[in-house]
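Here's the structure, in structure tokens; my notes come after.
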Amino acid sequence: MRFMVVQEIRIATRRLRVFGIVFLACWTGACASHRQTLPLGPGSPFPDFEEAFTEVITRYCTLNTLLAELRLSGRVGDSRLRGRVLAGLAEPGAVRLEGLAPFGPPAFIFVAQPGRAALLMPRESRALVGPSAIDIVGALTGIALTPDDLRYVLSGCLPETVQARTGVAYGQDWWTIETSDGSLVYLRRVGDFRRIVAIRRSGWLSEYSELSGRVPAQVRLTSNSASGAVDLTVLLSQVRINTTLDAATFVLDIPPDAVPITLSELRARGPLRASVEGAGR
């Protein structure tokens, strides 16, 4: 069963397609936002760091569900990654991803709940079922993230259980906060409020821009780990938060004649490239 509001997102996407050339030019060319320079050095005391952190988490990070169209571009290791994906994520640990092809059925459908994950490639009638979402996500995209991690990365948030430990101020508009999970959170004044504009955690740096809404419209994820460099930009559109999702959203019926595909095969085909190459062109 296709997850709720996907069809509505697709209709809205078709209406916006007339602006696609301008949108893509702005994304890849002169309209693209410059990478922000994050503050360095000792800074100065930030005595109100706990209050500031709580305010940001309360204002922007009470997200139980997230629905969005994702437009991806960048590199994972030696592979180029590009495509469009419809994403639905919900706590705890639930995800549905549909790789959009230029026409016809989705290039892939991936669903996961705690303890179960399944991938279907309708065009090839290939399928993979297993207990671990992180393994399939890693094989599909080249980036091993749990469904909850993916939700936090895309929304620019941290779990509500994370606490602030120390804080540093850099002038009147920048702050950093070290948290109980080992993250370093960068805050910047945007309008009248502080916003999370970057998070360093576990070898990853996620940066957020286009902050006019509750969820950032642009995410840049980078890493220089031993397993391979990652530099991936994700543009979010058609965003909906805290939408009630039916349990069937995260269930996938595998056709009985589907041919199994292994993690090794999926990994060898390249991060997302084999599934959605050409989508969005």
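Compare the Cα positions of GLY167, PHE103, LEU128 along the charge dipole of the stretch 96-200 (+1 at Cβ of Lys, Arg; -1 at Cβ of Asp, Glu; about the Cα centre) and return the one farthest towards the positive end. Working it through, the farthest residue towards the positive pole turns out to be PHE103. Modelled label positions at ARG59 and SER202, each set 7 Å beyond Cα in the direction of Cβ, lie 2.8 nm from each other.
Hey, could you grab the Kirkwood Rh for the stretch 182-223? Inverse mean 1/r over distinct alpha carbon pairs, Å, one decimal.
10.7 Å
Amide H contacts of GLY77 (H built 1.01 Å from N, in plane; Pro and chain starts excluded): ALA229, VAL230, ASP231 sit under 5 Å, all sequence-distant by 5 or more or on other chains.
A crude spin-label estimate for the pair ALA144 and LEU38, with each label 7 Å from Cα along the Cβ direction, gives 2.2 nm. Counting neighbouring beta carbons within 10 Å and listing from fewest to most, the residues TYR186, TYR208 come out as TYR186, TYR208. Each of ARG82, ARG35 has some number of other Cβ atoms within 10 Å of its Cβ, and from fewest to most they run ARG35, ARG82.
Inter-part distance, the stretch 150-214 to the stretch 73-138, computed on C-alpha centroids, equals 27 Å. Extension gain for the segment ARG126 to GLU50, taken as residue separation times 0.36 nm less the Cα-Cα distance, is 22.4 nm to one decimal. For the stretch 92-184, the list of chymotrypsin sites (Phe, Trp or Tyr not before Pro) that fall in a loop by DSSP and count at most 12 other C-beta atoms within 10 angstrom reads PHE103. When LEU235, LEU81 are sorted by how many other C-beta atoms sit within 10 angstrom of their C-beta, beginning with the fewest, the order is LEU235, LEU81.
With both labels modelled 7 Å from their Cα along Cα-to-Cβ, the ASP181 to ALA229 distance reads 2.7 nm.
Throughout, read-outs are computed from the coordinates displayed, never taken from laboratory work. Please read these numbers as outputs of a predicted model, since none were measured by experiment. Don't worry about glycine lacking a Cβ; one is built from the backbone with ideal geometry, like all the others, and counts go over all protein chains shown.
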